[in-house]
């Protein structure tokens, strides 16, 4: 799929993207669970966070409300427009730009955290994309990756993600997320958080 086709696909998804409980975090219990999970694995605010493939900006806004300095990037202008509106409505200073998560045009060594949720698996070349992401990290920075291998057959297993991170020369720890509170429903597939700190 070309970049233009991918952009058009996600533009079309933007209007209903937040309908999924883990996308919009409209349910207070789901929102609280994601907040607790992320804060447990992120350095203290006001750390600098690059949210790559940020979608409608839900996680960006959640973290900005906690005092993080967040920059969100997404290929879809429609997603970015919704993210900006969400940040404005929440009164937070997260910033957003249209850009390709596989090769974000952000300064090297300028972020304490590179965060992505359900993005790595969809990159044209996940290994190359992850290698690029690592260059964005300041010394001591961390990768925080939410991924899964879904019942549809899409995604990455935790073993595949571990192998990709190891390919960048970094260590990684995986925490599986089977609890339905994160997803708004019972799940039967593999979903997890992978964190790499160095």
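Throughout, read-outs are computed from the coordinates displayed, never taken from laboratory work. Please read all numbers here as calculations on a predicted model, not as lab measurements. Note that each Cβ is placed from the backbone with ideal geometry, even for glycine, and that neighbours are counted across all protein chains shown.
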Q. Rounded to the nearest 500 deg cm²/dmol, what is the calculated helix-only ellipticity per residue at 222 nm for the chain, with -39500 (n - 2.57) per DSSP H run of length n ≥ 4?
A. -10000 deg cm²/dmol
(Q) Students often get this wrong, so try it: which of (1) 14.5, 44; (2) 17.5, 59; (3) 15.4, 40 is Rg and Dmax of the Cα atoms in Å as calculated from the structure shown? (A) (3)
Q | Additional length obtainable on full extension of the chain from residue 159 to residue 85, 0.36 nm per residue less Cα span | A | 23.0 nm
Q | Kirkwood Rh (inverse of mean 1/r, distinct Cα pairs), the stretch 87-198, angstrom | A | 15.0 Å
Q.
Taking the beta-carbon count within 10 Å as an exposure proxy, list 36, 84, 163 from fewest neighbours to most.
A. 36, 163, 84
(Q) So the label point goes 7 Å from the Cα of residue 152 along Cα→C-beta, right? Which residues of the stretch 17-41 then have their backbone N under 20 Å from it? (A) 17-26
Q.
Treating only the Cα positions of the stretch 1-85 as identical point scatterers, give the base-10 log of I(q)/I(0) from the Debye formula at each q in 0.13, 0.17, 0.18, 0.25 Å⁻¹.
A. -0.43, -0.71, -0.78, -1.22
**Q.** Residues of the stretch 138-171 with amide N under 13 Å of the 7 Å Cα→Cβ point at residue 198
**A.** 138-143, 164-171
Q: Write down the percent of antiparallel bridges among all DSSP beta bridges whose residues are both part of the chain, to the nearest 5.
A: 40 percent
Q.
Could you tell me the center-to-center distance, by alpha carbons, between the stretch 29-74 and the stretch 129-198 in angstrom?
A. 16 Å
Q: With springs only between Cα atoms under 10 Å apart, run a GNM on the chain and tell me which of 50, 12, 159 wobbles the most.
A: 159
Q: For a quick protection proxy, order the peptides 137-144, 66-73, 180-187 by their average other-Cβ count within 10 Å, most packed first.
A: 66-73, 137-144, 180-187
Q | Global form of the stretch 43-148, assessed from the alpha-carbon gyration tensor, a/c cut-off 1.5 | A | oblate
Q.
Under 8 Å for C-alpha pairs, at least 6 residues apart: give me the relative contact order for the stretch 3-197, rounded to a whole percent.
A. 18 percent
